[in-house]
């Protein structure tokens with residue numbers, strides 16, 4: 001029976017989930033205690049964006065493949081293209097109807113601006129880490145390019161909830177499951193098109209409509225922000 005030797009890229013991909021989860025759980029568990037809840041929470045995310053969203057993909061596949069994934073690509077023809085379009089439209093539409101629209105009257109320009117900046121950083125970094133790099137490394141292996149990263153993408157969302165637990169129905173488990181589904185959707189888009197651009201655009205819009213700025217700033221109603229100091 002022959003034993004298969006894993007490539008360095010495969011090892012790094014398999015290791016991404018436990019490494020990201022362990023490191024980020026440590027950061028989210030300690031930085032808010034040292035820097036305060038708001039600053040520590042943002043600092044942990046900034047390290048995630050720079051360290052795992054940028055440095056790790058560059059190390060995994062190299063600048064050339066990462067830049068190639070950032071080139072725009074057309075949608076596939078026929079039903080495949082329609083399916084890709086639905087995968088891109090679904091997440092922001094859901095976020096807009098269920099979260100953004102009910103809070104629209106409460107929002108300030110500052111909350112919208114901060115939400116946009118956070119969405120741009122987070123959506124871009126996460127698509128590079130969990131979609132562009134795996135698809136570039138394994139363009140003909142859907143298990144490694146799609147399924148494994150989607151599971152890792154879902155699992156990593158446990159780390160921020162150390163500071164800010166999910167208040168939605170189903171708690172952390174439902175939040176992680178939703179992230180896995182989202183990861184599969186965006187992974188399929190990148191896998192089918194060979195480009196991460198459309199996935200980044202949809203992810204950024206979805207995150208913006210999720211109003212991340214409300215974690216740091218109060219809404220117009222005068223309520224305290226989600227990360228208000230105790």
Next item on the list: With respect to residue 200, determine if the residue is under 22 Å from residue 58 (Cβ atoms) and in contact with a helix residue (DSSP H, G or I) (Cβ under 9 Å, 6 or more places away or on another chain).
Entry: yes
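Could you tell me whether residue 20 is assigned to a helix (DSSP H, G or I), in contact with a helix residue (DSSP H, G or I) (Cβ under 8 Å, 6 or more places away or on another chain) and under 18 Å from residue 123 (Cα atoms)? Break it down into steps so the answer makes sense when it comes.
Details: assigned to a helix (DSSP H, G or I): yes; in contact with a helix residue (DSSP H, G or I) (Cβ under 8 Å, 6 or more places away or on another chain): yes; under 18 Å from residue 123 (Cα atoms): yes.
Yes: the conditions hold for residue 20.
So, residue 22, is that one more than 20 Å from residue 187 (Cα to Cα), within 19 Å of the chain's Cα centre (by Cα), exposed (fewer than 15 other Cβ atoms within 10 Å of the Cβ) and modelled with pLDDT of 95 or more or not? Step through it out loud before you land on a result.
Numbers: more than 20 Å from residue 187 (Cα to Cα): yes; within 19 Å of the chain's Cα centre (by Cα): yes; exposed (fewer than 15 other Cβ atoms within 10 Å of the Cβ): yes; modelled with pLDDT of 95 or more: yes.
Judged against the criteria, residue 22 is a match.
Across the stretch 110-147, what is the total count of residues that are over 24 Å from residue 167 (Cα atoms) and assigned to a helix (DSSP H, G or I)?
Residues of the stretch 110-147 over 24 Å from residue 167 (Cα atoms): 124-125, 127-147.
With assigned to a helix (DSSP H, G or I) added as a condition, the list becomes 124-125, 127-137, 142-147.
Counting residues in the stretch 110-147 that are over 24 Å from residue 167 (Cα atoms) and assigned to a helix (DSSP H, G or I) gives 19.
Within the group 179, 172, 201, which residue is more than 19 Å from residue 142 (Cα to Cα) and free of Cβ contacts under 8 Å to residues at least 60 places away in the same chain? Break it down stepwise before answering.
Details: 179 fails: more than 19 Å from residue 142 (Cα to Cα); 201 fails: free of Cβ contacts under 8 Å to residues at least 60 places away in the same chain.
Answer to the check: 172.
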Margin query: I'd like the full set of residues that are at pLDDT 95 or above and either over 12 Å from residue 88 (Cα atoms) or not in a helix (DSSP H, G or I) (or both), limited to the stretch 195-230.
Written below: 195, 196, 207, 208, 209
Note to self: Filter the stretch 56-87 down to the residues that are free of Cβ contacts under 8 Å to residues at least 60 places away in the same chain, closer than 14 Å to residue 124 by Cβ and either out of contact with any helix residue (DSSP H, G or I) (no Cβ under 8 Å at 6 or more places or on another chain) or not in a helix (DSSP H, G or I) (or both) and list them by number.
What the structure shows: 67
Note to self: Step by step: first the residues of the stretch 148-192, then only those that are surrounded by 17 or more Cβ atoms within 10 Å (Cβ to Cβ) and not in a helix (DSSP H, G or I), then the one that is modelled with the lowest pLDDT. Which residue is that?
What the structure shows: 166
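The values are calculated or read from the model by the stated rules, or taken from the named source; none is laboratory data. Please read these numbers as outputs of a predicted model, since none were measured by experiment. Positions of Cβ are backbone-derived with ideal geometry, glycine not excepted, and every protein chain shown enters the neighbour counts.
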